[in-house]
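Have a look at the structure below before the remarks.
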Amino acid sequence: MQILETSRKIAAGFAPRPPSVGTTDLHAHVEDPRWQLARRIAASGSLGRSRLLAEFLLYIVDRHIRDRTDEITEQQIGILVFGRAEGYDSNDDNIVRSYARNLRKRIDEYFLTEGKEEPLRLEIPRGGYAPAFSTRTVETEPSRHNLTTSNVTPPAVGNDTDELPKSSLNPESAANHVPSPHSSEAPASAPLVPWAAAGRAALRKHGAIFALCIGIAVGVGCTVVHPLHFLKRASASPAEAASTTLWSQLFSGDRDTFIVPSDDGLVIMQRLTERPVPLASYVNGSYRTNVKTEGVPGAPEILKLGGRRYTSVVDLDFVAHLAQLDEVIPGRMVIRYARDLRMDDLRTGNAVLIGSVEANPWIELFESQMNFRFSINSGSDKPSGIVNSHPRVGENAIYGTPGQDHTYGLIAYVPNLTSTGHVLIVGGLNTAGTQAATTFLLTPSLMMPTLQRASATHGGLQPFELLIGAGNVAANASTPQVILERIGPS
């Protein structure tokens, strides 16, 4: 059996070993083209170096090759790939379905780009998770020898004149040639032959200029109907140009950007139990089973809140505005509920984390890089607020609990966990605070001064943080304004 060449990325160790597959002998797969194809896809740029997507793919292909398709179920994938507990409820936790949708898109992208010459194709049909393989069909143009002589006139032997009648080689004889009345030759055909030769000569001489003119004309026509992004940027104001720099770094074609709204069910549960949920408990799900609720009325119902998928209208409105940005690459923008996000996503991708650390525990991972940090103390006498870790002269150490008429929000732009991408944190002490932060962020004229100061010499942006203040009117933020600013690593 022919052994397909292994990708260089795989050889370098970029393709991860799937869980529960590594405990068995994989040497049986080495010469299987299906396994080699799966390994190439797992190591490709189309998967954005997502370890979980790669493990998902390799798991289902391994089980398919071993003819153990009974193990390719949502429940088994959730347990063996995503580390869910035995007997978890997939109706409440749709992480497998979420990743499957993304994996299907990434596989399609692979065959359109890096894998367009692959002889074998792989897909995951909707309605299940078992892979299907097929051989690529190559369409070829029909050979000239298969065409009938009635459609093709054999060319004359020669060089540049191999398609011309011999009479065209001698203009004088062509001019003196008179077709017979009974001939099938059209009278106008003879004078056209020299013109055709001249046209071909002109095309050879000026073809490049002619093609360039056509390209410019087509480009102008397309611009009138569908304005191109580069034309928009050429006419953009300084404020819009500054915002473009930010969004272009957050939405790139070489990695996924995860948009993560707040988990408001988690907030309600913490407020009722008066116990915070650290990130470790949130990731492994123990906050819904191991939380001490003795003496708390309605404890079982309260714990159920932690499993519900609630988020705020402010978050959804912000996500809708992000999706409309010109810089967004639709195939690379992934909306993921906070409970379904994984550490690997924040290592390999970009991310926009919405809400406070209470509503989005993933923010905890980046607080060591931040000067401004959330301090949420539900049900205690200690005030909540946004802490200013290193206050300067004239600054407060904490910008406290939102009152009836004022609130605070936070915008932080920091590196991801491997410093290969970017994370944008946008949240507030309450819904109005988050609204103030998102409104400020989406207004180019307000963001321009900070983005200009944060500009790096290489053309990108340095990390930056903004503490935003706004009036709170009936849980809605009034015009936001900058209270404090930090540029550069904290």
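The values are calculated or read from the model by the stated rules, or taken from the named source; none is laboratory data. Quick caveat, the model's predicted, so the values are computed rather than measured. Cβ coordinates were reconstructed from backbone atoms using ideal geometry, including for glycine residues, and neighbour counts include every protein chain displayed.
Any residue at all in region 467-479 that is modelled with pLDDT of 95 or more, touching a Ser or Thr at 6+ places or on another chain (Cβ under 8 Å) and not aromatic (Phe, Trp, Tyr)? No: region 467-479 contains no residue that is modelled with pLDDT of 95 or more, touching a Ser or Thr at 6+ places or on another chain (Cβ under 8 Å) and not aromatic (Phe, Trp, Tyr). For region 419-445, give me each residue that is farther than 22 Å from residue 373 by Cα and either within 21 Å of the chain's Cα centre (by Cα) or modelled with pLDDT of 95 or more (or both). Hit for region 419-445 is 420, nothing else. Has region 401-409 got any residue that is within 23 Å of residue 349 (Cβ to Cβ) and loosely packed, with under 14 Cβ neighbours inside 10 Å? Within region 401-409, none of the residues are within 23 Å of residue 349 (Cβ to Cβ) and loosely packed, with under 14 Cβ neighbours inside 10 Å. Screening residue 393 against (1) exposed (fewer than 15 other Cβ atoms within 10 Å of the Cβ); (2) touching a Lys or Arg at 6+ places or on another chain (Cβ under 8 Å) leaves a single unmet condition, (2). Among the residues of region 106-125, write down those that are small (Gly, Ala, Ser) and surrounded by fewer than 19 Cβ atoms within 10 Å (Cβ to Cβ). If the condition is that a residue be small (Gly, Ala, Ser) and surrounded by fewer than 19 Cβ atoms within 10 Å (Cβ to Cβ), then no residue fits.
Within 25 Å of the chain's Cα centre (by Cα), modelled with pLDDT of 85 or more and not assigned by TED's automatic domain parsing to the domain that holds residue 447, is that true of residue 279? Criteria met by residue 279.
Of the listed requirements (1) of a type in the set (S, T, N, Q); (2) touching a residue at least 40 places away in the same chain (Cβ under 8 Å); (3) over 17 Å from residue 102 (Cα atoms), residue 350 misses just one: (3). Screening 478, 455, 490 for residues that are under 21 Å from residue 240 (Cα atoms) and small (Gly, Ala, Ser) leaves exactly one candidate, 455. Comparison of 367, 358, 327 shows that the only residue that is without any contact (Cβ under 8 Å) to a residue 60 or more places away in the chain and among the acidic types (Asp, Glu) is 367. Looking across region 30-75, the residues that are of a type in the set (Asp, Glu) and more than 27 Å from residue 258 (Cβ to Cβ) come down to 31, 32, 67, 70, 71.
For region 414-463, a tally of residues being touching an Asp or Glu at 6+ places or on another chain (Cβ under 6 Å) and either surrounded by fewer than 17 Cβ atoms within 10 Å (Cβ to Cβ) or part of a loop (DSSP other than H, G, I, E, B) (or both) returns 0. Out of all the residues in region 108-131, which are at pLDDT 90 or above and either outside the structural domain of residue 61 (by TED's automatic domain parsing) or basic (Lys, Arg) (or both)? Listed by number, the list holds a single entry, 121.
Filtering region 308-324 to residues that are free of Cβ contacts under 8 Å to residues at least 40 places away in the same chain and of a type outside the set (A, V, I, L, M) leaves only 324.
Given the structure, is residue 344 part of a loop (DSSP other than H, G, I, E, B), within 25 Å of residue 106 (Cα to Cα), charged (D, E, K, R) and not assigned by TED's automatic domain parsing to the domain that holds residue 92? Taking the combined requirement at face value, the residue does not satisfy it. Within region 73-100, residues that are among the basic types (Lys, Arg) reach partners that are surrounded by 16 or more Cβ atoms within 10 Å (Cβ to Cβ) with beta carbons closer than 6 Å, at six or more positions or on different chains, in the pairs 84/78. Screening residue 385 on (1) at pLDDT below 95; (2) under 20 Å from residue 342 (Cα atoms) shows it passes everything except condition (2). Candidates are the residues of region 347-360 that are hydrophobic (A, V, I, L, M, F, W, C) and assigned to a strand (DSSP E or B); the one that is nearest to residue 417 (Cα to Cα) is 351.
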